[in-house]
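Working notes for the structure below.
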């Protein structure tokens, strides 16, 4: 019978670093890291879950004890809280009005200083208009000068 010739594996395109092999190796590495993560995070999550349960239990016990105290003293506590809230609101409102008054007075003082120092508003507008005209004239003169130089350079 005819003998079958066996070719090496690399002849068929199968190599040691084949993508399937590296995929399984990576998946194995990832599964190891996932197992370690679960083993470390599970106890931590359990401890936090236990603490949250204890805090909830303490809160319910405290509320159970404090409710009769709030009911007995509510004729005192409610008006006291209302008075404290109104006092805080009054202080904050007076502070806001004081800051507004100071800034308004400062604006008025600066307005009169500018008005007395620079003349009337019309004088200030005339001054600004003259400055703009002077600047435009200067720029126009420079452009004209550069144009003449360019023409002279082109002729030479």
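With 76, 83 as the choices, which residue is modelled with pLDDT of 85 or more, assigned to a helix (DSSP H, G or I) and over 42 Å from the mean Cα position of the chain (by Cα)?
When all the criteria are applied, what remains is 76.
Out of 62, 119, 147, 140, I need the residue that is under 45 Å from the mean Cα position of the chain (by Cα) and either surrounded by 10 or more Cβ atoms within 10 Å (Cβ to Cβ) or at pLDDT below 85 (or both). Which one? Within the list 62, 119, 147, 140, the selection yields 62.
The values are calculated or read from the model by the stated rules, or taken from the named source; none is laboratory data. Remember, predicted model here, so these are calculated numbers, not experimental data. When we count neighbours, we look across all protein chains shown, and the Cβ atoms used for this are built from the backbone with ideal geometry, even at glycine.
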